[in-house]
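Here is the structure we will look at.
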Amino acid sequence: MYTKLNKKKKGIILFVVLLTVLYFFCLPKQLFNTPYSTVVTDRNHELLGARIATDNQWRFPPTDTIPEKFKICITQFEDQYFYRHWGVNPLSIGRATLQNFKSKRITSGGSTITMQTIRLARKKKRTFGEKLIEMVWATRLEFRYSKEKILALYASHAPFGGNVVGLDAATWRYFGHSSNDLSWAEAATLAVLPNAPASIHLSKNRKTLEVKRNRLLKKLYDKNIIDESTYELALYETLPESPLPLPQIAPHLVSYFYKNNKGNYCVSTVEKGLQMQVENILNQWHEEFVRSNIKNMAAIVIDVQKNQVVAYCGNVDFNNKNSGNQVDVIRSPRSSGSILKPFLYCAMLEEGDLLPKTLIPDVPLNINGFIPQNFNRQFNGAVPAAEALARSLNVPAVQELKQYSTPKFYDYLKKSGITTLNRPAGHYGLSLILGGAEVSLWDVTSAYNNMAKELNGYIAQQEISTEYPELLPTQHTKKNKTTHHPDEDRIGAIYQTFQALKEVNRPEEIDWRHISSIQEIAWKTGTSYGFRDAWAVGITPRYVVGVWVGNAAGDGKPELTGARTAGPIMFDIFNILPSSTWFQTPPNVFVEAEVCKLSGCLKGPYCEESDTILICSSGLKTDACPYHVLVNVTEDEHFRVYENCAGNDGIKQKSWFVLPPAWAMFYKQHHTAYRNLPPFKPGCDGNGEFRVMQFVYPQSGAKIIMTKQMDGSQGELVFELAHLHPNATVYWHLDEDYVGSTEYFHKMALIPPVGNHVMTVVDNEGNTHSVSFKIE
């Protein structure tokens, strides 16, 4: 007998333990397994936009808290003893059972908010067995979560009619604002909706809905939760007519988060107010540009000091699906035009390959069929490097890249954060600097931001240790600086690059320096081949603004230039941003150096005029001025002479500024003070001391493809020669065959056959010059 009782006791204990274990593990680890809408807010949690959940429900991701007004309304309406029970209210269950028995049908469920939360999670049919499970799970849920958490779960998953689920979605869909801004009338309306969302809705049984709302408001008034004036004002509030559209701010950014972070609550760094202002600027310009069939534009604003994107406009007219307006141009690769030139200039300054005023050749150039042209189709002969950058001259940029090397620049761009260079450097060649590669507005603007951040950071480190939040990738940043090279050279190069870009001025387009309202901005524009892409990027110590204008489909338009389209938009955006003072000159970075006033090179032994300027220390390794030479001339400076042939004309030594003949031919058209080296006096033999002739076209080793004219006839190859002496006569020989002579203007048109050739010219003083080329 004792043994039987002992076994029975053990069985009971085992049963109790088993029930306890089952009770403990009855709740799933994740109560709700439903898809959520993708919600994107600005930095202050203000809604920018959302994308519907995959089950086509507007169900915002759950939050941990709910507004106080809704909390009071929902507990007073659904479960006034919510904070007193443990998930099940026996009194409510008893009352509901009695009501159902009297009416002989289910009229009341007696469910607490906790039980309703379980029912929403399980999604099962309402039966007595299911009710028992809800009761068990509800008590277990009370052990797992706080009352506030349970209330938040309920509010996030309760149905509010139609395809609107959850308090946050309902507040935006019905009232057009955040749940934190609910009025008492609005909170009461939302509190009664989940009670019967299928039968009572904004579009049907509105009177019944209003009666239930007002009844709840009366209850709040009777319990002194709201005062009389609040109660009366709440009664006068009308119900919304129909669901409202959600905000459509920064829609391309919202789509980006939807693609990469679907179903989550995403807080961006965007400032909603600024975002709306920038969108308004783009929409105003869009109305003007669309008349010229320019249909798309994008803009991005980065706060340099915070290292955060504060405005993100991927395109305009998002709802227009016919013109590529849903394309997020900010992240789309587009032809770069001239927007990469400052990076080459900065790299060459940093490595000591040039000085800001070093003369760069600007003469006709043909490199294996690649013939770069300046925007105005003119040549300057030679231009200071900083001026060439400010004027965005194409030919000098190609000359610089040829000197620097494409592979080095290719690697430099990749280290700067340009991620769209997907082919080897050789594929792009020298066209890399003129739009031969595709870049994204995101990469380009971020790269300029990194430069500004490095400069700001260095200056701040000289004053006080400062760190910036790195929410964008930072390139070229080196820590624990202990020596001058190469970090200080980079900082100096960035500063001098921005100084050059601050002087941007293209007379053939628009002189923006004459607009008095514009703050000091380093800015660069770009226009791709065929007028398909217009770029503008502006930099201040506080902000970087990037703008792109064009057609997403790639259609080119003659009006589509960076200075005329993207530039004005960029300045309009800067005009709504807080102004900032210009970058301080970084201390302990530059060294003083004397440079030739005419050539911009380090002062040579024969340079008569010089300036003392600040340069990067790496610039000290550049060559001294090679263009000033010491020559013997007659007293009137009409002839060069030697002592043995000066005669009675006298002789004097003079420093003379001598450019290569091809440079000089174009240079003197823009610099009237430039004087060619005088010829030797008759009877004096120059012995080829200086080159007096130079082929402008073709260059040595050129490979040329002959083209046909419009009428089908064979086109001619026009040879062009520069000669220091305007009155010289030049005799032309193609492969040793005499083909003619020229005076004053030295051009010769011929049709050479396919193959290798040599053109030789001889002037009337016996000077000779040759160039080899190939007709393919």
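The values are calculated or read from the model by the stated rules, or taken from the named source; none is laboratory data. Remember, predicted model here, so these are calculated numbers, not experimental data. When we count neighbours, we look across all protein chains shown, and the Cβ atoms used for this are built from the backbone with ideal geometry, even at glycine. Accessible surface is based on the protein model in full, side chains and every heavy atom, while ligands, DNA and RNA are left aside. Shrake-Rupley method; radii C 1.70, N 1.55, O 1.52, S 1.80 Å.
Here are a few things to note about the model shown:
- Solvent-accessible area, 1.4 Å probe, carbon plus sulfur percent, for segment 174-265: 50
- 13 Å Cα-Cα reach of Lys668 towards aspartates and glutamates, excluding residues that sit fewer than 8 places from it in its own chain: Asp362
- The mean sequence distance of close C-alpha pairs (under 8 Å, at least 6 residues apart), as a share of the length of segment 596-635, puts its relative contact order at 46 percent.
- Calculated log₁₀ intensity ratio I(q)/I(0) where the Debye formula runs over C-alpha points of the chain, q = 0.05, 0.10 Å⁻¹: -0.45, -1.07
- Equivalent-ellipsoid semi-axes for segment 324-413 (Cα gyration tensor, √(5λ), whole Å, largest first): 25, 17, 13.
- Pair-distance distribution P(r) for segment 282-337, from all Cα-Cα distances in 10 Å bins starting at 0: 22, 47, 27, 5 percent.
- Of all aspartates and glutamates in the structure, those lying under 17 Å Cα to Cα from Lys408, and not within fewer than 8 positions of it along the same chain, are Glu350, Glu351, Asp353, Glu400.
- The long axis of helix 147-157 is offset from the longest Cα principal axis of the chain by roughly 70 degrees.
- A crude spin-label estimate for the pair Glu288 and Tyr642, with each label 7 Å from Cα along the Cβ direction, gives 6.7 nm.
- Rounded Å value of the spacing that divides the Cα centres of segment 353-398 and segment 569-637: 17
- A Stokes-Einstein calculation at 37 °C with viscosity 0.692 mPa s, built on the Kirkwood radius of segment 249-301 over Cα pairs, returns a diffusion coefficient of 259 µm²/s.
- Kirkwood Rh and Cα Rg combined as Rg/Rh, segment 25-68: 1.07
- Here the scattering of segment 214-371 is modelled by Debye summation over its C-alpha atoms, one equal scatterer each and no solvent; at q = 0.08, 0.10, 0.19 Å⁻¹ the log10 of I(q)/I(0) is -0.51, -0.69, -1.16.
- Nitroxide proxy distance, nm - points 7 Å out along Cα→Cβ at Val327 and Lys219: 5.7
- FRET efficiency for Glu130 and Val211, using Cβ-Cβ distance with R0 set to 35 Å, rounded to 0.05: 0.70
- Entries of Lys71/Lys123; Lys597/Lys654; Lys124/Lys207; Lys414/Lys502; Lys29/Lys149 with Cα pairs more than 22 Å apart: Lys71/Lys123; Lys124/Lys207; Lys414/Lys502
- Karplus-derived 3J(HN,Hα), 6.51/-1.76/1.60, for each residue of segment 666-678, Hz, glycine and proline x: 8, 4, 6, 5, 10, 10, 5, 6, 5, 10, 5, 4, x
- Cα-based shape type of segment 519-613, given that a ≥ b ≥ c are square roots of the gyration tensor eigenvalues and the cut on a/c is 1.5: oblate
- For the chain, the per residue solvent-accessible surface stands at 48 Å², with DNA, RNA and ligands left out and a 1.4 Å probe.
- Taking the chain and dividing mean pair separation by its residue count, relative contact order in percent (alpha carbons under 8 Å, at least six apart): 10
- Comparing Leu282, Gln248, Ala298 along the charge dipole axis of segment 235-321, the residue lying farthest to the positive side is Ala298, per the Cβ-charge model.
- Taking amide H atoms as placed 1.01 Å from N in the peptide plane, the amide H of Val696 lies under 5 Å from those of Glu720, Leu721, Ala722, each 5 or more residues away in sequence or on another chain.
- Relative to the longest principal axis of the Cα atoms of the chain, the long axis of helix 128-144 lies at roughly 60 degrees.
- For His628, the amide hydrogen comes within under 5 Å of the amide hydrogens of Val658, counting only partners 5 or more places away or on other chains and with H modelled in the peptide plane.
- Those lysines that a straight Cα-Cα span of less than 19 Å connects to Lys295, excepting residues fewer than 8 apart in one chain: Lys321, Lys557
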